[in-house]
Amino acid sequence: MGATDVMFPKPKDVKKAPVAVRVFKDGREACNLLCKAGADEYQRRKRVAWEEQKGICAICHLRLNWADTTVDHIKVRGMGGGSRDDRQFNIAAVHGICNSQRGSQTHGYYDVP
């Protein structure tokens, strides 16, 4: 194959790079956990929350090791993540067990009456 015989992909064959963070019209953000850039951004936001909380769980207020840290959404996402919001102000660092015990309840958590 010579230099003039190079095959270029047709536009339909070109795949778009996945979007790391999708921003919705209402301002919500959702990190795409299926691509490396989106997963990295989600981890960065989790780290920021953990550092802002000085390594203290936002639910039980006990010491939180980084290895035990998971993300909790202050304003719950709803079943299936349909109203998911990964903006930094909506993320809290918590123990995995605290997160699972809380479930989708808002009453009594994060100063929500």
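Listing for the model above:
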item	result
Lysine-lysine proximity count for the range 20-102, Cα under 20 Å, sequence distance 8 or more or distinct chains	4
Charge sum, other residues only, whose C-beta stays under 11 Å from ILE59's C-beta, Lys/Arg counted +1 and Asp/Glu -1	0
Point-to-point label distance, ASP68-ALA39, nm (Cα→Cβ direction, 7 Å offset)	2.5 nm
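Computed from the coordinates by the stated procedures, all read-outs in this text should not be read as laboratory data. All values derive from a computational prediction rather than experimental measurement. For neighbour counting, all protein chains shown are included, and Cβ atoms are generated from backbone atoms with ideal geometry for every residue, glycine included.
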